[in-house]
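Notes for the one structure printed next.
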Amino acid sequence: MTHPIETSQNTINRRFALVEKWGTRAGVILALVGFGLYIFSRTSQYVPIKLLASHWGKPLPQFITITGHPLGWDWLPLIGHSDIIALAGLVLLSSVIILAYGSVALLYLKKKDHLYFFLVTLQLAIFALAASNLLTVNH
């Protein structure tokens, strides 16, 4: 016998909070581990820390030209570098809300709360559009 998923608003709120709680913790831990590895030079560094310190105050376009740091999602293949691990932690932290919304979307559908399902799906679409880099602002 299968037990139906409880879809009360309290259950949905708890699911959302649980994903935020653990996603935030994982993001902070990943960022701190990456930063620690970077500072103490325990793994390879994409941008050597000495180079970072000497170019920190430069405008972003100049910093990127000097360091060759990847733009957009091009950092993913470089995840073995400690500075990129720290970046991945920050990306996870900023993505936790997307994971939390995604975790409750189907619960709203199961609950037949079509308005909230639509709103959550719309919010997820907006997040996806923002992350896609299709909308850019040139200065």
Of all helices (runs of 4 or more DSSP H) fully inside the range 1-94, the set with 3 or more residues that are in contact with a Gly (Cβ under 8 Å, 6 or more places away or on another chain) and not β-branched (Val, Ile, Thr) is 9-39
Show the residue pairs meeting these rules: Cβ distance below 9 Å; 6+ apart or different chains; first residue within the range 6-26 and more than 14 Å from Ala105 (Cα to Cα); second residue polar (S, T, N, Q) and assigned to a helix (DSSP H, G or I).
Leu18/Ser103; Gly23/Ser95
Which residues, counting only those in the range 98-139, are over 21 Å from Ile12 (Cα atoms) and touching a helix residue (DSSP H, G or I) at 6+ places or on another chain (Cβ under 7 Å)?
Leu135
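With touching a residue at least 40 places away in the same chain (Cβ under 8 Å) and at positive phi as the only criterion, which of Gly68, Gly89, Gly72 stands out? If you could, list the steps in order and put the result at the bottom.
Values: Gly68 fails: touching a residue at least 40 places away in the same chain (Cβ under 8 Å); Gly89 fails: at positive phi.
On inspection, the qualifying residue turns out to be Gly72.
Restricting attention to the range 87-97, does a residue exist that is within 22 Å of the chain's Cα centre (by Cα), surrounded by fewer than 14 Cβ atoms within 10 Å (Cβ to Cβ) and of a type in the set (A, V, I, L, M)?
Of the range 87-97, the ones within 22 Å of the chain's Cα centre (by Cα) are 87-97.
Filter once more, keeping what is surrounded by fewer than 14 Cβ atoms within 10 Å (Cβ to Cβ): 94.
If we keep only those that are of a type in the set (A, V, I, L, M) as well, we get none.
Checked the range 87-97: no residue is within 22 Å of the chain's Cα centre (by Cα), surrounded by fewer than 14 Cβ atoms within 10 Å (Cβ to Cβ) and of a type in the set (A, V, I, L, M).
Residues checked against (1) at pLDDT below 90; (2) closer than 30 Å to Ala125 by Cβ; (3) among the aliphatic types (A, V, I, L, M):
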position: Pro4; (1), (2), (3): yes, yes, no
position: Val19; (1), (2), (3): no, yes, yes
position: Leu30; (1), (2), (3): no, yes, yes
position: Tyr46; (1), (2), (3): no, no, no
position: Leu93; (1), (2), (3): no, yes, yes
Every residue from the range 111-139 that is surrounded by 14 or more Cβ atoms within 10 Å (Cβ to Cβ) and part of a helix (DSSP H, G or I)
Tyr116, Phe117, Leu119, Val120, Thr121, Gln123, Leu124, Phe127, Ala131
Give just the number: which of (1) within 16 Å of the chain's Cα centre (by Cα); (2) surrounded by fewer than 17 Cβ atoms within 10 Å (Cβ to Cβ) does Leu51 not satisfy?
(1)
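The values are calculated or read from the model by the stated rules, or taken from the named source; none is laboratory data. Not measured: the values here are computed from a predicted model. Note that we place each Cβ from the backbone using ideal geometry, even for glycine, and neighbour counts take in every protein chain shown.
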